[in-house]
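Okay, so here's the structure we're looking at.
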Amino acid sequence: MKRILIGVVVVVVLGLVGFVGLKMLNRPSDQQQIQIALNEAIAAAKEGKPGPVLDFVSGRATLDGQGGASKGEIGDWIRKAKPDVTIVNPTATIEENKATISTPVKIKLQLLTFQQDFSVPDVKISLEKEFATEYGFIPSSKWRVVSVDTKSAIGSELWNQ
C-alpha cells in the first residue's frame, strides 16, 4: 500500500514539474506579451471592464508626470467612459526589462449620451517587466505600464470627463 501511495505522489510531483517546465518554455516573447496585454486591456476598456486594464497598469503609473489616481477611481472612469483606444503603432522598443511605445493615439469616449473623439499625435507609453505568478505559484513576469506621456494637456482633459 505504501508503494502505491509513494508511486502516486511521485507521478503527481513529476506531472507538476513537467507542467511548470512546459509553461516556462512556451512563454511568448516580450513583444508578444506586450501586444497580448495591450490588446486585452483595450478590448476590456471599450466594454467598460476595468479588470484587465488595471492588471496591465502598474500601481506606480503616472499620466503626464502626475500620479495619484487610485485603482478604484480608474476603474470607475473606465466603467463610465468606456474608452475606445486605437494605438496607431503598437510596436514596442524593448531594452532589457524596460520598453517604450511611441505612437499617435485616437480615443473615443462615451459620456452620458455623447461621444467625444480625441487625437493625441505623440504619446510615449513606458512599460517595465514586473514579477508575477501564473496559477498562483508558477514564477512569471508581466509587462506593465509605468507612465504615459502625451506631451499635451489632454491627460487632464480626459480624466476630468
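The values are calculated or read from the model by the stated rules, or taken from the named source; none is laboratory data. Small disclaimer: the values here were computed from a predicted structure and weren't measured. Cβ coordinates were reconstructed from backbone atoms using ideal geometry, including for glycine residues, and neighbour counts include every protein chain displayed.
Within region 72-94, count every residue that is under 18 Å from A37 (Cβ atoms) and either within 16 Å of the chain's Cα centre (by Cα) or not in a loop (DSSP other than H, G, I, E, B) (or both). The qualifying residues number 13.
Confirm whether W143 is at pLDDT 85 or above and of a type in the set (F, W, Y).
On the way: at pLDDT 85 or above: yes; of a type in the set (F, W, Y): yes.
When the stated conditions are applied, W143 passes them.
Right, I94: free of Cβ contacts under 8 Å to residues at least 60 places away in the same chain, buried (at least 16 other Cβ atoms within 10 Å of the Cβ) and touching a helix residue (DSSP H, G or I) at 6+ places or on another chain (Cβ under 7 Å) or not? The answer is no for I94.
With the condition kept exactly as written, say whether any residue in region 123-133 is hydrophobic (A, V, I, L, M, F, W, C), part of a strand (DSSP E or B) and in contact (Cβ under 8 Å) with a residue 60 or more places away in the chain. The answer is yes, given that some residue of region 123-133 is hydrophobic (A, V, I, L, M, F, W, C), part of a strand (DSSP E or B) and in contact (Cβ under 8 Å) with a residue 60 or more places away in the chain.
The set of residues in region 108-122 being more than 14 Å from N89 (Cα to Cα) and assigned to a strand (DSSP E or B) consists of K108, L109, Q110, L111, F114, Q115, Q116, D117, F118. Residues in region 114-127: is at least one of a type outside the set (K, R) and within 16 Å of S29 (Cα to Cα)? Taking every residue of region 114-127 in turn, at least one turns out to be of a type outside the set (K, R) and within 16 Å of S29 (Cα to Cα). Taken over region 54-90, the criterion of being aromatic (F, W, Y) and closer than 27 Å to F114 by Cα is satisfied by W77 alone.
For the condition part of a strand (DSSP E or B) and touching a residue at least 40 places away in the same chain (Cβ under 8 Å), what is the one hit in A61, A45, A69? Let's see the steps before the verdict.
Details: A45 fails: part of a strand (DSSP E or B); A69 fails: part of a strand (DSSP E or B).
Being part of a strand (DSSP E or B) and touching a residue at least 40 places away in the same chain (Cβ under 8 Å) holds for just one of A61, A45, A69, which is A61.
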